[in-house]
Structure formats: C-alpha cells, structure tokens
Amino acid sequence: MQQTIAKELEIEGVGLHSGIKSILKLKPAKINTGIVFVRTDLNGAKPISATYDNVIDTKNCTCIGYDKSNMVSTIEHLMSALYIMQIDNVIVEVSAPEMPIIDGSAQTFLQKMQEIGVTKQNTPRKYVKVLKKVDVADDKGNAISLEPSDDFHINFVIEFPSKIVGRQEFDGIIDQEIFVKEIAPCRTFCEKYQVDYLRSIGLIKGGSLENGVVLDGDTILNPGGFKVKNECVNHKVLDAIGDMYTAGCSVLGKLTANKTGHYHNNLILKTLFADKTNYQIIEKE
Ligand SMILES: [Zn+2]
C-alpha cells in the first residue's frame, strides 16, 4: 500500500554551498501526491514534484525546479531515505534554495522518519518495471544502464587516483537492512583542491569536515577517518537511490554504473521514459 509519514517532522541545518540556514518540514500527504517540494521563503511558490523531468541542474547535486528563482538543490539524500522508508506521498517544505546538508549522509533523515513512523494509505503502490535494457555512455568511459530485474539492484564502480579510495565496488539488492548498515551513514566526499576552488568562487560556505569527507591526496582529513568500509562508493549508491526515486515511484530494475554521477542518473531515467516500450507502470500491494 502507498504510505506517508505518520505526522509532521522538522529538520534543520545549513546548505552546503550557500551556508544559509535551511529548515525542512515534512508533512503527511494524500494518496497519489508523490514527493512534492515547496519553498516557504517565497511568496506562493508553485510546488515542485521531485520527478526526473523537473531536474534542472546536476552539477555537484540534484536540483529540481522551474528556474533559478524557484528551485531546491541537493534533494538526493532525503530522496534516498524516503525511498527506503517506502514513502510515496509527502510535502517537503523548505525555507531556503538548498536542503540542509547535516553530516553529508542520509542518516538524520532516516532516523527522524524511523522515529515517527509511516501511515499506510488505502491504495496500491506504483512501481516502474524496466522491460528493456537502456544504456548511456560518454567518451570518457563513464557508463550507466538500467535492465530488467525483479528487485532494485545496484552495481556501482568508482575509481579515484587517491590510494585511500582507489577502485571501490558495490553490488547488491537495495533492501532496508543493507541501507541502514552500509549506505545511510556514508557521507558525501570531495578532494581538498576542490574545496579550495569552490570556496574561491563563493561556494561551500556551509562546508566543513562536519558535513563531508575531504580527501587530500592519499589521506583523509577527517580526524575520525571513514565511518563505513567503501564509504565513497556507498555514498554514490546513496545518491543513485535518491536520484532513481525521481522516477516518480520505485524502480524494479538493475542499475549498473561505472564512474557516473547525478547527470547520468537523470539521463538514464530520461532515456528509459523516452520510449514507452522500455517500461511498464505496475501496481503492487
Ligand atoms: Zn550525495
């Protein structure tokens, strides 16, 4: 059955790039509402459905909206937690253009939702079942595909020059147990030179070692080190789960990704939905 959150929930933090305080209010919503974001700092802003066709920017994060004046960036970590909680309908009110980054993972979103629980609604859930393999590759060897599978399965490979990361691979069916243990705590990561550059152009004003992993050559600058084995690739899996949930419902298919990011996650959904023979929307209780 479709589900929404059991009651209202508030989470606050700062945006990673803007450094602006951002307050989130998650509100229960009616059947077939979907995941809908609303900017409460704008007067009467048109609500934005968190669907792949509303994605307007994929640089460093997934950003949905209509234009620069009405958009919300970095939705993917919350989307990932909503996916695993099987929440179909929710209104996400946000007081800033950017979601709170918190520790750069999905942990807080997941915990808060687990604490309040979900309400079952009186209509079957929808799923998008992949019927035919679709794939996209670019000239740099980055490749992504979706193919038929009875579960939501992800195979993700990353390769970084830093020896502390190197080649990492995740392969498995995405279920609640693996998500809670191995994916939700995985933080976003970047290299120190990227931090220095982004700061120089006025970004990551809210960024610190508190809200992500920073790599400097072959070392990690965070005093506690990594929280989870293969934290970097598992964070990419966290992002991919959130991005795939912009399909508008859960995907039944296998995602295979090699060195890709938000741009490719969005592109593979656009490719899937471009041809009606690639997929089928099914209802399951
Ligand atoms: Zn991320």
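Each reported figure results from applying straightforward, stated rules to the coordinates on display, with no laboratory input. Owing to the predicted nature of the structure, the values given are computational and were not obtained by experimental measurement. Neighbour counts are summed over all protein chains in view; Cβ atoms, including those assigned to glycine, are modelled from backbone coordinates with ideal geometry.
Some observations on this one:
- Segment 9-62: C-alpha gyration tensor shape, a/c 1.5 cut-off, then a/b vs b/c: oblate
- Annotation: extensible slack from residue 116 through residue 66 equals 14.8 nm (criterion: 0.36 nm per residue apart, minus Cα-Cα distance).
- Mean sequence separation of contacting Cα pairs (under 8 Å, at least six apart), scaled by the length of the chain, corresponds to a relative contact order of 27 percent.
- Lys, Arg +1 and Asp, Glu -1 on Cβ, resulting dipole of the chain about Cα centre, debye, nearest 20: 440
- Considering only 154, 127, 230, and ranking their Cα positions along the charge dipole of the chain that arises from unit charges at the beta-carbon of Lys, Arg, Asp and Glu, the one farthest toward the positive end is 127.
- Simple spin-label estimate for residue 125 and residue 276 gives 2.7 nm between the two label positions (7 Å along the Cα-to-Cβ direction from each Cα).
- Links that overshoot a 31 Å alpha carbon limit, given the list 27/205; 227/284; 129/205; 46/112; 163/270: 227/284; 129/205; 163/270
- Look at the dipole of the chain built from charges on Cβ: of 84, 209, 44, the Cα furthest out on the positive end belongs to 44.
- Cα centre as origin, Lys/Arg/Asp/Glu Cβ charges: segment 126-284 dipole, Debye: 240
- About the centre of its Cα atoms, segment 3-124 shows a dipole size close to 260 debye [charges on the beta carbon of Lys, Arg (+1) and Asp, Glu (-1) only; nearest 20 debye].
- Ranking of 39, 187 by neighbouring Cβ atoms within 10 Å, starting from the fewest: 39, 187.
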